[in-house]
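**Student:** First the structure, then my questions, so here it is.
The values are calculated or read from the model by the stated rules, or taken from the named source; none is laboratory data. Since the model is a prediction, treat every value here as computed from it, not as a measurement. All Cβ positions, glycine included, derive from the backbone under ideal geometry; neighbour counts span all protein chains shown.
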Amino acid sequence: MFLLRLRPSPNRKRLIRIGNMPLKKIFFIIYFSLASVCAFAQAQISASVDKSSVNVNEDINLTITVRTSGTDIDSPQMPSLPNFNIYSSGQSRSVSMVNGKVSTYQQFEYILSPRFSGKSTIGSFKIKVGGKEYATQPIDVEVYRNNAKDSDRPSLKNINRKNGSKKSKTPDFFMTANADKSQAYLNEQLILKIRFYQAQSTLGNPQYDRPKTEGLVPEEIKTNQQSEVIDGKQYIYTEFVTALFGILPGKAKVGPATVQYNMPDEGDIDNFDLFFNGAASGATLKTVKSDPLYINIKPLPQSGRPQTFYGAVGTDYSINAMLDNTRPQVGDPVTLTLTVRGNGNMRAIADIPAPDMGQNFKVYGTTSSSSVRLNGSTVGGLKTYKTVLVPRASGSFRIPAISFSYFDTASQSYKTVGTSPIVMEVSPSAAPQSGSSISFANGNTSSAPAVEKLGSDISYIKNYPQSLFTVVTDFVCSLGKINYIALVLIFGAALTDIFKRKRMPFTLKKRAFKNAKKALSGAKTLGEVSLALSRYLEDKKGSPIGIMTISDVAAELKITSPTAKSLSELWGKFDMLKYAPSQMLTNSIAVSEAAEKTLSIIKEIEKETK
């Protein structure tokens, strides 16, 4: 217990002390302690990207970092990001306690896939920490498009005449590029083999620059080295094997691949300079290129295409369904997992709609993930879809068989596979319920059970001390009619500002179609058409799309299945624009057709959401 006393000082003044410590000193200790506690309680929020300049076919890793003294951290609220597709790649969290103080370090990881080239801004992410909202700083990134310029490489005959020796028909260094097919269906796999031949040793390792593709998605398979004798000369060649998938009907292009290597000049080589600088002082940098290739991509046949076709092209596809719990209670979430396996481009497969479970289940949005595997020179893998089902009633329920169709490239026809039905036994919830439950037997009141009381609860009226906000508002209200004028002026100014900005949710929904129609009529590129669709969907739902799938957006807007499927297909085509040739993005005919198709789907959404 502290003792408060007055002790006379030698200079006849009185100092207030607590124990042996002056009160002034104690005041400063308490002040700075409280200041440090307040500073410690403040959360630190930051956002960072692994690179601020990327190619349009590369991804950006975004990290949201939170440091705080508490543990109450909400998930980030995403800004509108129409120029990117965003995916959550997980989160990590660590909690430590030092001298009784808790500190939390949490990271949220996201992958941003650019949709178009140009300068973009990643807006502020908002996070509530301990009930207080914080925001990250915006980040500027630049997305560029690398289109290989066609350099008319001389033919092999010209190279021989220019670089070959008199004794040999072939040069010491050259490259070849070959595809196993000159034409293929949309999303059908092709095999590209690029070889770099060398008959002499080089200084250091040759540098390989892979070819740029237009209208094709590449998937690296393997690299190997072998030897071959050509025209009596021994060559060592390095072979680069890549799988290609056509994403747009028409002529696709594989640009020239390039290898740079150093050859010694006459005289001694400074190996020290070679080791540290990668090139010798007496060396010459030389370059060889492969010829460009052109491949005709054919559209998939419309005849015989089933309704359950979601873009899978390849061979040996199968689908499997599994529940993590077949005997849940009412209200328990159950995860339905669909797994699609096959040989083909798994990333091109659209979302599979969740089964119709009627009114007895709450069905949440489906999330998907894919993984790639190699089977020799064939690219395949699996794609997984997870849907959360929450039963609302007890009983025996049946999850119907789910069909999945794909275009079989071996037989060049559509095939359909399916899952087996799954039976789920849902039991009543064992959790206590408030209130009373009354049930009656059908037509026989004598056998009807009495009213069964399952639980009860009394909500007492509790008086709490008034907060500062309540005190202030009570004071303002006590002023009577005088405060109405100021209140009306403030409210009118705020409402005018909101209408000027046109960001009020109900005005956004009302003006969504008008704004989209105006944007589509003035679109000059396919990117602007896609951006108009993204902004329309965000305005229509009143919030950013974030990591929602297009199926989630369609479900939230409550549009019909045919319209949702058309929207999903159009969205998928826009996602593939980053692989399209530059000239196609500004092609007036393509832009006009895309704008017309987009406006048609938007009109259908308008009709179904009124």
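**Student:** Condition test on Ser534, is it under 18 Å from Glu604 (Cα atoms), touching a helix residue (DSSP H, G or I) at 6+ places or on another chain (Cβ under 8 Å), not in a loop (DSSP other than H, G, I, E, B) and not aliphatic (A, V, I, L, M)?
**Tutor:** When the stated conditions are applied, Ser534 does not pass them.
**Student:** Right, something else. Any chance you could count how many residues in the range 88-123 are surrounded by fewer than 17 Cβ atoms within 10 Å (Cβ to Cβ), more than 24 Å from Thr525 (Cα to Cα) and in contact (Cβ under 8 Å) with a residue 12 or more places away in the chain?
**Tutor:** Total meeting the criteria: 15.
**Student:** Can you tell me which of (1) among the hydrophobic types (A, V, I, L, M, F, W, C); (2) under 27 Å from the mean Cα position of the chain (by Cα); (3) not in a strand (DSSP E or B) is the one Leu382 doesn't meet?
**Tutor:** (3)
**Student:** Filter the range 131-152 down to the residues that are crowded, with 16+ Cβ neighbours inside 10 Å and not aromatic (Phe, Trp, Tyr), then identify the one that is modelled with the lowest pLDDT.
**Tutor:** So, considering only residues that are crowded, with 16+ Cβ neighbours inside 10 Å and not aromatic (Phe, Trp, Tyr), the one modelled with the lowest pLDDT is Ala148.
**Student:** Sticking with this structure for a sec: Among the residues of the range 535-570, which ones are in contact (Cβ under 8 Å) with a residue 60 or more places away in the chain and under 25 Å from Leu62 (Cα atoms)?
**Tutor:** Those that are in contact (Cβ under 8 Å) with a residue 60 or more places away in the chain and under 25 Å from Leu62 (Cα atoms): Arg535, Glu538, Pro544, Ile545, Gly546, Ile547, Met548, Thr549, Ile550, Ser551, Asp552.
**Student:** Val340 - would you say it is closer than 26 Å to Asn85 by Cα, in contact with a Phe, Trp or Tyr (Cβ under 9 Å, 6 or more places away or on another chain) and touching a residue at least 60 places away in the same chain (Cβ under 8 Å)?
**Tutor:** yes
**Student:** Among the residues in the range 355-364, are any assigned to a loop (DSSP other than H, G, I, E, B), within 16 Å of Ser551 (Cβ to Cβ), not assigned by TED's automatic domain parsing to the domain that holds Asn85 and not hydrophobic (A, V, I, L, M, F, W, C)?
**Tutor:** Looking for residues that are assigned to a loop (DSSP other than H, G, I, E, B), within 16 Å of Ser551 (Cβ to Cβ), not assigned by TED's automatic domain parsing to the domain that holds Asn85 and not hydrophobic (A, V, I, L, M, F, W, C), one finds at least one in the range 355-364, hence yes.
**Student:** Restricting to the range 82-109, name every residue that is assigned to a loop (DSSP other than H, G, I, E, B) and at pLDDT 80 or above.
**Tutor:** The answer is Pro82, Asn83.
**Student:** Please work out which residue is nearest to Arg373 (Cα to Cα), limiting yourself to the range 316-354 and to residues that are assigned to a strand (DSSP E or B) and polar (S, T, N, Q).
**Tutor:** Going through the qualifying residues, I end up with Asn343.
**Student:** Same structure again: Across the range 385-401, what is the total count of residues that are farther than 20 Å from Pro353 by Cα, of a type in the set (Gly, Ala, Ser) and in a loop (DSSP other than H, G, I, E, B)?
**Tutor:** Of the residues in the range 385-401, 2 are farther than 20 Å from Pro353 by Cα, of a type in the set (Gly, Ala, Ser) and in a loop (DSSP other than H, G, I, E, B).
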